[in-house]
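Below: one structure, written as structure tokens.
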Amino acid sequence: MKDEFDLAVVGAGIVGLSIALAAARKGKRVVVIERGARATGASIRNFGFVTVTGQEAGDHWARAMRSREIWMRVADEAGIEVHHRGLLLPARRSEAVDVLHAFLATPMGEGCKMVTREEAASMVPALRTGEVSEILYSPHELRVESTEAIPKIAAWLAQRHGVSFHWSTAVNAIYGHRVETSRGPIHADAIVVCPGDDLSTLYSERIGQYGLKICTLQMLRLKTGHPQTRFGAAVMSDLSLARYEGFSALPEVQALASRLDEEESETRAAGIHLITVQSADGSLVVGDSHVYGNAHDPFAQTRFDELILAEFDRVFDLPQREIVQRWVGSYVSSGERTVLVDRPDDHVRVVMVTGGTGASTGFALGEQVIDDLYS
């Protein structure tokens with residue numbers, strides 16, 4: 001087995017794949033080592049929603065914009081279908097309208113605009129517009145099916161860029177340039193560890209100093225009962241404005257958050273906000289809740305599903321919707337940073353997206369990590 005590389009990447013989630021791509025484009029010999037037979041974590045248990053609008057202002061928003069550019073190229077070259085583009089954010093409360101206008105006045109509002117009810121309904125016919133005051137449209141977002149996209153990216157990296165993959169291979173330790181695996185040692189000039197939400201296997205003492213938590217979330221797939229209903233954009237709601245940092249950091253959010261706390265206290269306590277996207281078969285991926293702790297919670301709560309669906313029904317007129325799939329996801333979370341890049345050694349990096357935005361920002365983060373390693 002070939003066991004000498006320029007770069008070894010531990011973890012085949014979207015962050016690990018992004019780093020492998022950035023290194024391969026610099027002509028590096030890359031190996032990706034993944035303990036599972038395929039990616040099964042946060043990189044596939046999500047919306048497949050490449051989100052720009054609402055990301056934290058500054059570096060993280062810039063990463064999202066750059067990642068979107070890379071996603072467009074990768075999707076084309078790897079044969080990944082983009083199911084729809086853009087985002088509609090209908091504001092039902094006057095306080096939410098104030099947040100949208102404040103957002104449009106920031107640099108992040110470039111390219112976004114307010115649209116009429118008729119324009120929004122032409123993109124998403126099932127959208128309830130009767131109680132909507134104003135509607136923001138962003139052209140930036142992309143929707144892919146993560147369960148299909150992640151394997152296709154890995155296959156494309158292997159075929160087009162010569163990246164080696166060692167699946168079902170656990171990394172037990174790293175000594176200098178030697179990566180000890182369950183299938184024998186691998187030597188690499190540089191090593192990047194992308195542990196996802198595994199806080200205890202590699203470099204646990206270094207990761208521990210950041211006080212990270214595990215965020216457990218619940219998501220649903222709905223069959224609509226209306227096979228002709230098509231989404232031309234993703235949809236969020238007022239609740240999203242009080243969660244996404246690009247909105248929630250604005251002063252205008254304080255009034256909205258206070259009203260939501262009064263009207264939707266249980267929903268807010270469960271960390272619920274609404275994102276709805278559509279798959280190729282017409283089904284809708286809907287979510288999600290957010291509960292923070294020091295371990296994964298494997299058990300879904302029926303009440304969270306009910307709260308998510310209550311917001312869904314306020315936003316959409318789809319009375320025949322039916323749950324066809326449920327799942328629990330998790331990601332690592334930090335209240336202080338959106339990404340974490342730790343340096344155990346000059347040639348080693350530990351890289352984590354610490355806010356559930358790996359699909360939206362990972363490609364740009366990969367470029368930054370590789371530029372740092374090889375600068």
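Every number here is computed from the coordinates shown, using simple stated rules; none is lab data. None of these values were measured; they are calculated from a predicted model. Here the Cβ is made from the backbone with ideal geometry for all residues, glycine too, and neighbour counts use every protein chain on show.
So the values come out like this:
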item: Top-ranked residue in the range 139-169 [being hydroxyl-bearing (Ser, Thr, Tyr) and in contact with a helix residue (DSSP H, G or I) (Cβ under 9 Å, 6 or more places away or on another chain); ranked as farthest from Thr361 (Cα to Cα)]; result: Ser164
item: Any hit, the range 302-312, residues being assigned to a strand (DSSP E or B) and either out of contact with any Cys (no Cβ under 6 Å at 6 or more places or on another chain) or among the aromatic types (Phe, Trp, Tyr) (or both); result: no
item: Criterion (assigned to a strand (DSSP E or B) and either more than 30 Å from Ala310 (Cα to Cα) or over 22 Å from the mean Cα position of the chain (by Cα) (or both)) met by exactly one of Val132, Val192; result: Val192
item: Lone unmet requirement of (1) surrounded by 14 or more Cβ atoms within 10 Å (Cβ to Cβ); (2) farther than 19 Å from Asp238 by Cβ; (3) in contact (Cβ under 8 Å) with a residue 60 or more places away in the chain for Leu309; result: (2)
item: Options Ala120, Ala149: the member that is outside any strand (DSSP E or B), in contact with a Pro (Cβ under 8 Å, 6 or more places away or on another chain) and buried (at least 21 other Cβ atoms within 10 Å of the Cβ); result: Ala120
item: Contacts under 7 angstrom Cβ, first residue in the range 253-280 being in a helix (DSSP H, G or I), partner among the β-branched types (Val, Ile, Thr) and surrounded by 20 or more Cβ atoms within 10 Å (Cβ to Cβ), 6 or more apart; result: Val253/Val99; Leu256/Val99
item: Val353 vs. criteria over 30 Å from Ala126 (Cβ atoms), touching a strand residue (DSSP E or B) at 6+ places or on another chain (Cβ under 7 Å) and buried (at least 20 other Cβ atoms within 10 Å of the Cβ); result: yes
item: Candidates Ala102, Ala62 - the one that is farther than 24 Å from Arg25 by Cα and either surrounded by 20 or more Cβ atoms within 10 Å (Cβ to Cβ) or not β-branched (Val, Ile, Thr) (or both); result: Ala102
